[in-house]
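K.L.:
Below is the structure I would like to discuss, written out as structure tokens.
The values are calculated or read from the model by the stated rules, or taken from the named source; none is laboratory data. If you're wondering where the values come from, they're calculated on a predicted model, not measured in any experiment. With ideal geometry, Cβ positions are generated from the backbone for all residues, glycine too; neighbour counts draw on all protein chains shown.
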């Protein structure tokens, strides 16, 4: 099966993006370079094509009951036009995926990871209850992320809605560049920003309008490479690296979205059991000494004993040092604990640190 293209594929080619196959799509990994793109988002504003993400529409009178069953956060807390970060778990507490839940006046929408799109849809289908309709609407959306300190000033030129009045994890349905869009105050970078969903036929029009509006702030297109380094500086989890079917939400630091008191949901009993027994490992932030770069799968040592494993690592463009997150035996997770990372058969000194790694000046 050949890789799919987003509606902006030709624009990425014209911009000389380095394109690779990712989650079944041909996606731009970088344009000018990961370091430059990363700093652009931190300093002014960048635009990402994230149309590979999956969108499912959940409708019907029992939609809330269904979402309460399959997700771990409390969907009943959502007001209309509010967004929620959540996850779905297997019966054993392992994570199916992390996702966003959007509440509209007459339906809900979930945005799921591209690499899990088919799996998630099958999982949700297999737990459908009467009174719920589930639709995979992924091909009906182009999704753009506009992120950075100047994202509000950039997008405000293109819409009548007061963007500064939209609070974090809320959204509006409004025109942007004269196109009907979902404008949500969400993102994966730790910067102010929005994710904008609209019909694919308007993709180039909206992209070009945003690029023009952001010219005064030196807006640049940003690829998935910098998306990864930006999220890692904030210790945001990436499915497949930091969370998967072998990890449960509490050890992954996702206790804040795990509403054990909301009533029954898939995985609740296993998560409750893990909580009562006490965690054996936790996902923590780690900084390395020198210029060494940690990577997924590298072993973590305390003295001569392996006590954990790196799940994500990179060279931080803002801190100019190696940073990582990884699972560590719980007795070594206190910030300030000295550890070693095994890199090419050599132990590199490192320290457990508080996260996020990058804090706004």
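K.L.:
Would you call residue 108 without any contact (Cβ under 8 Å) to a residue 60 or more places away in the chain and touching a strand residue (DSSP E or B) at 6+ places or on another chain (Cβ under 6 Å)?
P.N.:
So residue 108 passes the test.
K.L.:
In addition: Restricted to the range 1-34, and to residues that are touching a helix residue (DSSP H, G or I) at 6+ places or on another chain (Cβ under 8 Å) and closer than 12 Å to residue 225 by Cα, which residue is modelled with the lowest pLDDT?
P.N.:
The selected residue is 22.
K.L.:
Another question about this same structure. With respect to residue 159, determine if the residue is in contact with a strand residue (DSSP E or B) (Cβ under 8 Å, 6 or more places away or on another chain) and within 23 Å of residue 355 (Cα to Cα).
P.N.:
no
K.L.:
Then there's this: May I ask you to say which residue of 310, 286 is more than 15 Å from residue 337 (Cα to Cα), modelled with pLDDT of 95 or more and buried (at least 18 other Cβ atoms within 10 Å of the Cβ)?
P.N.:
310 is the lone residue from the list that is more than 15 Å from residue 337 (Cα to Cα), modelled with pLDDT of 95 or more and buried (at least 18 other Cβ atoms within 10 Å of the Cβ).
K.L.:
Can you pull out every residue in the range 23-34 that is surrounded by fewer than 16 Cβ atoms within 10 Å (Cβ to Cβ) and either closer than 22 Å to residue 54 by Cα or in contact (Cβ under 8 Å) with a residue 24 or more places away in the chain (or both)?
P.N.:
24
K.L.:
Please go through (1) crowded, with 17+ Cβ neighbours inside 10 Å; (2) out of contact with any helix residue (DSSP H, G or I) (no Cβ under 8 Å at 6 or more places or on another chain) for residue 250 and return the number of the only condition it doesn't satisfy.
P.N.:
(2)
K.L.:
Is it the case that some residue within the range 10-18 is more than 22 Å from residue 212 (Cβ to Cβ) and either in the same structural domain as residue 229 (by TED's automatic domain parsing) or surrounded by 16 or more Cβ atoms within 10 Å (Cβ to Cβ) (or both)?
P.N.:
Looking for residues that are more than 22 Å from residue 212 (Cβ to Cβ) and either in the same structural domain as residue 229 (by TED's automatic domain parsing) or surrounded by 16 or more Cβ atoms within 10 Å (Cβ to Cβ) (or both), one finds at least one in the range 10-18, hence yes.
K.L.:
Moving on. Given the conditions (1) touching a helix residue (DSSP H, G or I) at 6+ places or on another chain (Cβ under 9 Å); (2) loosely packed, with under 15 Cβ neighbours inside 10 Å, report the number of the one that residue 125 does not fulfil.
P.N.:
(1)
K.L.:
Which condition breaks for residue 75 when tested against (1) touching a strand residue (DSSP E or B) at 6+ places or on another chain (Cβ under 8 Å); (2) touching a residue at least 40 places away in the same chain (Cβ under 8 Å); (3) buried (at least 21 other Cβ atoms within 10 Å of the Cβ)?
P.N.:
Just one mismatch for residue 75, condition (2).
K.L.:
So if I check each of 98, 139, which one is surrounded by 19 or more Cβ atoms within 10 Å (Cβ to Cβ) and either at pLDDT 95 or above or outside any strand (DSSP E or B) (or both)?
P.N.:
Residue meeting the stated conditions: 98.
K.L.:
Same structure, new question: Where in the range 289-344 are the strands (runs of 3 or more DSSP E), entirely inside, with at least 2 residues that are in contact with a helix residue (DSSP H, G or I) (Cβ under 6 Å, 6 or more places away or on another chain) and on the phi < 0 side of the Ramachandran plot?
P.N.:
Once the strands (runs of 3 or more DSSP E) in the range 289-344 are filtered for at least 2 residues that are in contact with a helix residue (DSSP H, G or I) (Cβ under 6 Å, 6 or more places away or on another chain) and on the phi < 0 side of the Ramachandran plot, what remains is 305-316.
K.L.:
Report whether or not residue 66 is in contact with a strand residue (DSSP E or B) (Cβ under 9 Å, 6 or more places away or on another chain), closer than 25 Å to residue 218 by Cβ and buried (at least 21 other Cβ atoms within 10 Å of the Cβ).
P.N.:
When the stated conditions are applied, residue 66 does not pass them.
K.L.:
Does the range 266-277 include one or more residues that are in a loop (DSSP other than H, G, I, E, B), over 25 Å from residue 325 (Cα atoms) and without any contact (Cβ under 8 Å) to a residue 60 or more places away in the chain?
P.N.:
No, because not a single residue in the range 266-277 is in a loop (DSSP other than H, G, I, E, B), over 25 Å from residue 325 (Cα atoms) and without any contact (Cβ under 8 Å) to a residue 60 or more places away in the chain.
K.L.:
Let me ask something else about it. Pick out the one residue from 167, 204, 191, 195 that is touching a residue at least 12 places away in the same chain (Cβ under 8 Å), in contact with a helix residue (DSSP H, G or I) (Cβ under 8 Å, 6 or more places away or on another chain) and closer than 30 Å to residue 237 by Cβ.
P.N.:
The conditions single out 191.
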